[in-house]
Amino acid sequence: MELQIQDLVNSIKRDGISEAEKKAAEILSEAKVKAEEIVRNATKEAEHLLDDARKEVSVMKQSGKAAVEQAGRDVILSLKKSINAHMNRLLEDQVNKTISGKDLSALIVQIVKTDIVDHANSALELPESQVKKLTESLQSELAKEIKDGLEIRPVPSVSVGFRLASKDGSSYYDFSDEEVTRMLAPFLNASVQEILVSASETR
């Protein structure tokens, strides 16, 4: 009887240990599967984050490059604008010096004698400050044109240079310093731009 009880106890122990080992193996297997899944998910998340980071860095690089290129273009445009403004001022100064005194008188005579206007219906408009200085020489040089009806008159709207206008004010040829500078500026600006382009190509 004692022996049967002992066998029963041993059998229960064996079955319990076997069951426990089986259960432990199952738990371990599940834990291993879950651990592998966690590692896979973590790896995927890490790759995803790394990919996002790479994309963000790429965008930042492109944005930075674009910003630098835009800044470079802005500097060049600003420089061109500054140089053109400076050249225009120099041109205007030179035009002012050229179309005054004897040079102005010679220029007026040459242009009036081209017969671009009908002398009988035209007026030579001069700056008020220049009329006294120029009238005598112009009356001598343009005696025929004045005899044909060309008038010489001072106008406050012209400060440097002159205008050849119809007497009724309907039209005129403008040879004032502002207009001459405006007409010459595009040629000067084109030359300046060629210099800037040439300079940028030799960098």
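The values are calculated or read from the model by the stated rules, or taken from the named source; none is laboratory data. Bear in mind the structure is a predicted one, so any value in this text is a computation, not a measurement. Note: ideal-geometry Cβ built from the backbone for every residue, glycine included; neighbour counts use all protein chains shown.
Here's the yes/no breakdown for (1) hydroxyl-bearing (Ser, Thr, Tyr); (2) over 30 Å from LEU90 (Cβ atoms):
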position: GLN110; (1), (2): no, no
position: VAL117; (1), (2): no, yes
position: ALA123; (1), (2): no, yes
position: GLU136; (1), (2): no, yes
position: PRO154; (1), (2): no, no
position: SER159; (1), (2): yes, no
position: ARG163; (1), (2): no, no
position: ASP168; (1), (2): no, yes
position: SER171; (1), (2): yes, yes
What's the number of the only condition in (1) of a type in the set (A, V, I, L, M, F, W, C); (2) farther than 29 Å from LEU150 by Cα; (3) free of Cβ contacts under 8 Å to residues at least 40 places away in the same chain that LEU79 fails to meet?
(3)
Could you figure out which of (1) closer than 19 Å to VAL109 by Cα; (2) surrounded by fewer than 16 Cβ atoms within 10 Å (Cβ to Cβ); (3) modelled with pLDDT under 85 isn't true of GLU201?
(1)
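So that you can scan it fast, the table gives a plain yes or no per residue for (1) among the basic types (Lys, Arg); (2) at pLDDT below 75; (3) assigned to a helix (DSSP H, G or I):
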{"residue": "SER29", "(1), (2), (3)": "no, yes, yes"}
{"residue": "ALA42", "(1), (2), (3)": "no, yes, yes"}
{"residue": "ARG54", "(1), (2), (3)": "yes, no, yes"}
{"residue": "GLU69", "(1), (2), (3)": "no, no, yes"}
{"residue": "LYS81", "(1), (2), (3)": "yes, no, yes"}
{"residue": "VAL95", "(1), (2), (3)": "no, yes, yes"}
Kindly indicate whether ILE99 is modelled with pLDDT of 75 or more, surrounded by 10 or more Cβ atoms within 10 Å (Cβ to Cβ) and either outside the structural domain of PHE162 (by TED's automatic domain parsing) or aliphatic (A, V, I, L, M) (or both).
no
With segment 128-182 as the region, which strands (runs of 3 or more DSSP E) entirely inside it contain at least 1 residues that are surrounded by 14 or more Cβ atoms within 10 Å (Cβ to Cβ) and in contact with a helix residue (DSSP H, G or I) (Cβ under 6 Å, 6 or more places away or on another chain)?
151-155, 161-166
What are the residues in segment 162-198 that are of a type in the set (D, E, K, R) and either out of contact with any Gly (no Cβ under 7 Å at 6 or more places or on another chain) or modelled with pLDDT under 65 (or both), if any?
ARG163, LYS167, ASP168, ASP174, GLU178, GLU179, ARG182, GLU194
Being closer than 17 Å to GLU178 by Cβ, polar (S, T, N, Q) and without any contact (Cβ under 8 Å) to a residue 40 or more places away in the chain is the filter here; which residues of segment 96-147 pass it?
THR98, SER129, GLN130
